[in-house]
Amino acid sequence: MPFDPVRDAVLNSPATEGLPTSPSVARRATHLSVLLNSDSEPLPRTSSSLSQIIHLEPTDKLSSVKPLKKAQETTLSPSDSRPSSSSYFQPASTFPPVMRPPPLLYNPTQRVTPPDSILTPMSKAEMEMYKSYVGKGTARLVKRKRPRDDSDTGDEPPVKKSVGNGGVVVEHYNARPEVGVIQRLDSPIIGLKNFNNWVKSVLISKFAHPALVTSSVRTQRNKGKVLDLGCGKGGDITKWSKARISDYVGADIAAVSVEQAKERWEFNRNANRIQASFATYDFCSQNLEDVFAPEILEKPFDVVSSQFCIHYAFEKEETVRRLLRNVSHWLRPGGTFIGTIPNAEQLLEHLRELPPENQDLSFGNAVYKVRFESREHSGMFGRKYWFFLQDAVEDVPEYLVYWDNFVSMAAEYNLQPLYKEEFHNVFTEHQDHSEFGPLMVRMRVMDANGESSMDEDQWEAANIYIAFAFEKR
Ligand code: SAM
């Protein structure tokens, strides 16, 4: 998939505050132009300040969904009885308060574009044009619906099918279109996507940062080496760039996604100033040394990050062992393994709540759907369900990760748990944090008035994941 520079500029430029919040085209045109002109140079980092590694993220269309309103009174605390996701959604009057940082004004201090270039705001007409623009890197701006059967006669070459569930996963991620700027901003679940990005940023700041600053892999300016396992289309490269790492290694089973990740990195190469290597890699069946040259692996990683993907390995014990073997083998002692996985407790609770007479073991809402094939299951592996997430995942087979089992297996590979929290609690824990609270506003998880960009369904869907961190002993 060719690289789309406009999309990437928008997605990876610092969001700006103090801009009008109307969703009109005129506002977006101004907003885009500001983003495209904005300074992408990260701040200098010292080991002591979180603010220097947490970053600004893509903008979204805040007013496109019915917001969850944050109110003045606090009615929830982390210790409130919870476990149901729906109990965490509170109507407007009871949502916990959040920070209300003053809006920041766009105030660039240095120019990053060539001196002879002039970037002007997009006109209304240009914005209209980009809605249907098909050009370099935007051939899929018009979103295609991918049929679920094999009779897809779309304009893309057929993706090679592998056997088994792994094949379905590869096919799905390879075929998933890379959408353009407008579609990204218009995603019906943009609030949820922003929230997920915020959670990942929290993990990076809290658990990757300490390992990065003590790294022996460094350049004059940057520090630390990261393996992004299941890197997808490289959506986290900007986060790592902001964290000022020096080396990034991206691996994913979907070759098309890997190519897009590489293009994303190449496009921002000068700004990022990080070395990067990419490979198509199946963490269920391969070792890293099978696909990366020895010089890439010469020094161990300070951080292994695996976001929204290792649950695919939990089909069998041997595939989990392969995964853990690779994580541990290539991670230095003191390094961290961070990630996000399905919230097994939450999903099983929903399953238990289904009426006994139900043949269809599905639940969900307008944003997500989960379908189990059986009510009961024995064993720690292969607990399969089918997962649909609007605008992201189309009915793909996934596996539950039983946390205790994961921890005891990880211990065999010298990985000790540091952190495990479901996404709602990550929010509750950090909403008032001096850095992560304002970061939520900058990443458009909510606006300066404390209004969430997620509606109730997105908020519920958010809690079907948990965040984790391990340390290599
Ligand atoms: N980590 C990225 C992110 O957070 O945006 C992508 C997440 S996406 C939901 C899941 C990714 O896991 C897909 O890119 C998929 O190709 C990858 N994946 C699934 N099974 C895999 C395997 N066995 N080996 C490597 N990658 C795999």
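The values are calculated or read from the model by the stated rules, or taken from the named source; none is laboratory data. Since we're looking at a predicted model, the values are computed, not measured. So basically every Cβ, Gly included, is an ideal-geometry build from the backbone, and we count neighbours across all protein chains shown. We work out accessible area using only protein heavy atoms, side chains counted, and drop any ligands, DNA or RNA first. Shrake-Rupley method; radii C 1.70, N 1.55, O 1.52, S 1.80 Å.
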Query - Matching residues, segment 188-224, being farther than 22 Å from ALA271 by Cα and assigned to a loop (DSSP other than H, G, I, E, B) - result: PRO188, ILE189, THR214, SER216
Report task. Would you confirm whether any residue within segment 256-265 is modelled with pLDDT under 95 and either at positive phi or within 11 Å of the ligand (Cβ to nearest atom) (or both)? Result -> no
Requested in this report: Determine if segment 208-224 includes at least one residue that is within 13 Å of the ligand (Cβ to nearest atom) and open to solvent by 10 Å² or more (accessible area, probe 1.4 Å).
Outcome: no
Query raised in the report: Which one is nearest to the ligand (Cβ to nearest atom), of the residues in segment 310-327 that are out of contact with any Asp or Glu (no Cβ under 8 Å at 6 or more places or on another chain) and open to solvent by less than 10 Å² (accessible area, probe 1.4 Å)?
Result: ALA313
Query raised in the report: For segment 233-248, which residues satisfy the criterion of being out of contact with any Phe, Trp or Tyr (no Cβ under 7 Å at 6 or more places or on another chain) and either away from the ligand (no atom under 12 Å from the Cβ) or under 16 Å from VAL170 (Cβ atoms) (or both)?
Result: LYS233, SER241, LYS242, ALA243, ARG244, ILE245, SER246, ASP247
Query - Odd one out for LEU227, checked against (1) within 16 Å of the ligand (Cβ to nearest atom); (2) open to solvent by less than 10 Å² (accessible area, probe 1.4 Å); (3) part of a loop (DSSP other than H, G, I, E, B) - result: (3)
Query - Residue ID - nearest to the chain's Cα centre (by Cα), chosen from residues in segment 282-307 that are farther than 22 Å from LEU212 by Cα, surrounded by fewer than 24 Cβ atoms within 10 Å (Cβ to Cβ) and not aliphatic (A, V, I, L, M) - result: ASP282
Query raised in the report: What are the residues in segment 455-473 that are part of a strand (DSSP E or B) and open to solvent by 40 Å² or more (accessible area, probe 1.4 Å), if any?
Result: GLU471
Query raised in the report: Yes or no: SER285 within 22 Å of ILE338 (Cβ to Cβ), of a type in the set (S, T, N, Q) and within 16 Å of the ligand (Cβ to nearest atom)?
Result: no
Requested in this report: Considering only segment 299-309, state which residues are more than 12 Å from the ligand (Cβ to nearest atom) and not β-branched (Val, Ile, Thr).
Outcome: LYS299, PRO300, PHE301, ASP302
Report summary line: Residue set ALA261, ALA251; condition assigned to a helix (DSSP H, G or I), open to solvent by less than 10 Å² (accessible area, probe 1.4 Å) and hydrophobic (A, V, I, L, M, F, W, C); output residue ALA261
